[in-house]
Amino acid sequence: CNGEPLSAAYAIDSAKDAIINAGCPADPNAFEASMRGVLALNSKSRGLRVIACSALTTAWIAAGRLTAHFGYDLSSWDLCAGALLIKEAGGLVTDLDGSPYVLETRNMLCSNGRVHDEILDILREADAVSFERSTE
């Protein structure tokens, strides 16, 4: 960025100091899962955002401007470039089930890497890591 390599926010090593973005999925069941995550993280983080642009929020994580982002039902074009930026900046991208990111990943957590497991644990406890696709 401006001639300097991107770097995730390494200084933040706890969810309580993290700024976390939640996705805003169109599927009503995915939205409910996202809101369960928001409620669970609200008192355990420095702040929450709901910015419905994964391309932007993943770039912000890579640049150290945001600590983490979780989202549901994404397409590969929503995430693949940002996932590369985050990995190159020293961050981590996984499926919400904790498995490694692959191009087919649809539900994801992206982070600076240092808060990743803690956020995954909070989302798991809140039943916010998966959803059943709506038929509506």
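Per-residue answers, yes or no, for (1) at pLDDT 95 or above; (2) of a type in the set (Val, Ile, Thr); (3) in a loop (DSSP other than H, G, I, E, B):
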| position | (1), (2), (3) |
| --- | --- |
| Cys1 | no, no, yes |
| Leu6 | no, no, yes |
| Ala33 | yes, no, no |
| Leu39 | yes, no, no |
| Ala55 | no, no, no |
| Thr58 | yes, yes, no |
| Phe70 | yes, no, no |
| Leu74 | no, no, yes |
| Asp78 | no, no, no |
Going residue by residue through the range 1-19, is there one that turns out to be polar (S, T, N, Q), more than 20 Å from Asn107 (Cβ to Cβ) and free of Cβ contacts under 8 Å to residues at least 60 places away in the same chain? yes
Would you check if Ala128 is part of a helix (DSSP H, G or I), farther than 15 Å from Ala9 by Cα, touching a helix residue (DSSP H, G or I) at 6+ places or on another chain (Cβ under 7 Å) and of a type outside the set (Ser, Thr, Tyr)? no
Taking the range 8-31 and the residues there that are open to solvent by 20 Å² or more (accessible area, probe 1.4 Å) and part of a helix (DSSP H, G or I), the one that is nearest to Gly90 (Cα to Cα) would be Asp17
Any chance the range 106-119 includes a residue that's touching a helix residue (DSSP H, G or I) at 6+ places or on another chain (Cβ under 8 Å), within 19 Å of Ile12 (Cβ to Cβ) and open to solvent by 10 Å² or more (accessible area, probe 1.4 Å)? yes
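The values are calculated or read from the model by the stated rules, or taken from the named source; none is laboratory data. In this text, all values refer to a predicted model and were calculated from it rather than measured experimentally. Note that we place each Cβ from the backbone using ideal geometry, even for glycine, and neighbour counts take in every protein chain shown. Just so you know, the surface numbers come from the protein's heavy atoms only, side chains and all, with ligands and any DNA or RNA stripped out. Shrake-Rupley method; radii C 1.70, N 1.55, O 1.52, S 1.80 Å.
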